[in-house]
1. List every residue whose amide H lies under 5 Å from the amide H of F:GLU14, counting only residues 5 or more places away in sequence or on a different chain, with H placed 1.01 Å from N in the peptide plane.
2. Say the dipole of the stretch A:19-68 comes from +1 at the beta carbon of Lys and Arg and -1 at that of Asp and Glu; which of A:SER24, A:SER61, A:SER43 then lies farthest toward its positive end?
3. Can you list the distances in nanometres, one decimal and ascending, from the F:SER8 label point to the identical position in each other copy, with the point 7 Å along Cα to Cβ?
4. Given the -39500 (n - 2.57) contribution per DSSP H run of 4+ residues, what per-residue ellipticity at 222 nm results for chain B, rounded to the nearest 500 deg cm²/dmol?
5. For a quick check: with amide H placed at 1.01 Å from N, whose amide H comes under 5 Å from A:VAL21's, ignoring anything fewer than 5 positions away on the same chain?
6. Which shape class, rounded, prolate or oblate, goes with the protein assembly as shown when its Cα gyration tensor gives a ≥ b ≥ c as root eigenvalues, a/c under 1.5 marks rounded, and past that a/b bigger than b/c marks prolate?
7. At a threshold of 8 angstrom on Cα-Cα distance, excluding pairs fewer than six apart, so keeping six or more, what relative contact order does the stretch F:11-63 reach in percent?
8. Can you give the Rg/Rh ratio of chain A, where Rg is from the C-alpha atoms and Rh is the Kirkwood radius?
Number of protein chains: 6
Amino acid sequence: MRLSARNSLKGKIEKVELGAVMASIKIKIEEPGLITALITKESAEALELKTGDDVVAIVKSTEIMVGKE
Amino acid sequence: MRLSARNSLKGKIEKVELGAVMASIKIKIEEPGLITALITKESAEALELKTGDDVVAIVKSTEIMVGKE
Amino acid sequence: MRLSARNSLKGKIEKVELGAVMASIKIKIEEPGLITALITKESAEALELKTGDDVVAIVKSTEIMVGKE
Amino acid sequence: MRLSARNSLKGKIEKVELGAVMASIKIKIEEPGLITALITKESAEALELKTGDDVVAIVKSTEIMVGKE
Amino acid sequence: MRLSARNSLKGKIEKVELGAVMASIKIKIEEPGLITALITKESAEALELKTGDDVVAIVKSTEIMVGKE
Amino acid sequence: MRLSARNSLKGKIEKVELGAVMASIKIKIEEPGLITALITKESAEALELKTGDDVVAIVKSTEIMVGKE
């Protein structure tokens with residue numbers, strides 16, 4: 001199945017920690033990858049984002065899914 | 001300011017595309033990084049996730065923020 | 001109160017599981033419903049999405065809210 | 001590939017609408033399905049959620065991904 | 001209907017901007033309110049969060065819903 | 001570092017509660033602030049949102065990050 005989610009980074013699990021209901025999975029990303037961020041045009045303009053800028057892609061842990069073959 | 005968001009990957013902007021309200025920012029991630037995914041314990045068990053597994057971290061574009069110095 | 005969230009599926013709770021901070025609520029959806037997914041135009045084109053396609057709507061559990069009368 | 005995302009509802013696309021950057025995909029869900037919502041224990045207790053309750057699962061459109069074979 | 005979402009801040013719309021598919025709604029929050037943030041225990045410990053700390057609650061615009069009577 | 005996330009409300013922590021994997025942070029917001037909600041144009045039209053409307057900004061707790069100097 002192909003997914004609409006644009007961002008998929010390959011890695012290896014470093015640690016699995018289980019709570020009562022939740023689990024925390026730490027993944028070491030080693031291959032380079034391309035990420036698409038959808039933000040408001042207003043933010044893009046406020047930060048003056050343009051090709052070549054050094055930036056940081058930030059994601060809350062609750063937003064990350066795990067896929068496994 | 002320090003942020004609670006655990007996941008922050010350094011990269012360079014490859015493309016900025018502006019819509020009427022939204023903007024799409026493509027970021028090339030080149031440095032390795034560590035990502036934390038919070039999923040249900042049930043999913044972690046169903047996928048039998050364990051240290052050393054090859055996995056993919058998947059994120060919807062709308063969940064990604066951009067930070068710039 | 002009317003909500004901007006477009007997706008609301010009626011169901012019955014099958015199981016409630018409590019952790020220390022989080023709770024997992026399993027809901028059996030029995031009535032048909034209409035769901036709106038907002039994705040990138042790029043994804044819609046890459047998957048060649050068009051009227052009549054059989055697809056799957058996928059949502060992370062942390063993104064689902066529960067409403068009760 | 002198996003996904004950690006617990007919620008996947010089968011349907012048929014009713015309408016595709018393209019913006020400059022975003023696309024809106026309307027999906028008719030016809031088969032019954034089981035959904036897992038992760039909410040705070042505090043909310044589960046405040047709403048007195050229990051097995052058998054009639055509830056509504058609510059999701060913002062930006063949180064829904066589309067999968068296609 | 002009562003909602004599991006814990007965070008609800010009253011305000012007045014300052015501006016509505018329509019795109020092709022999306023709309024941006026600016027809301028002036030004037031009443032004080034209580035917000036619950038669910039983060040990883042690891043983050044809470046890394047930031048040494050404790051009662052009385054001055055902090056900032058940060059939310060991506062795509063995560064905010066609007067309710068109207 | 002400047003962030004693309006448009007919504008940042010200043011407050012004081014009222015309570016920190018730790019689970020096995022997650023933490024719940026209650027923040028009292030006391031200063032007024034401006035919030036941007038990105039919703040579908042369809043929702044904006046269905047709710048007839050316009051300048052001056054009294055509305056409620058609703059956010060799921062899992063979507064809120066915490067920043068601390």
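1. When sequence neighbours closer than 5 places are left aside, the close amide H contacts are E:GLY52, F:LYS26, F:ILE27, F:LYS28.
2. Sorting the options by dipole projection puts first A:SER24.
3. The projected label point of F:SER8 is separated from its counterparts by 1.2, 2.8, 3.4, 3.4, 3.9 nm.
4. Value at 222 nm, helices only, nearest 500: -2000 deg cm²/dmol.
5. Result for A:VAL21 returns C:ALA20.
6. Rounded.
7. So the answer I get is 24 percent.
8. Dividing the radius of gyration by the Kirkwood radius yields 1.03.
FYI, it's all coordinate maths here, none of it is from the lab. None of the values given here were measured: they were computed from a predicted structure. Note that each Cβ is placed from the backbone with ideal geometry, even for glycine, and that neighbours are counted across all protein chains shown.
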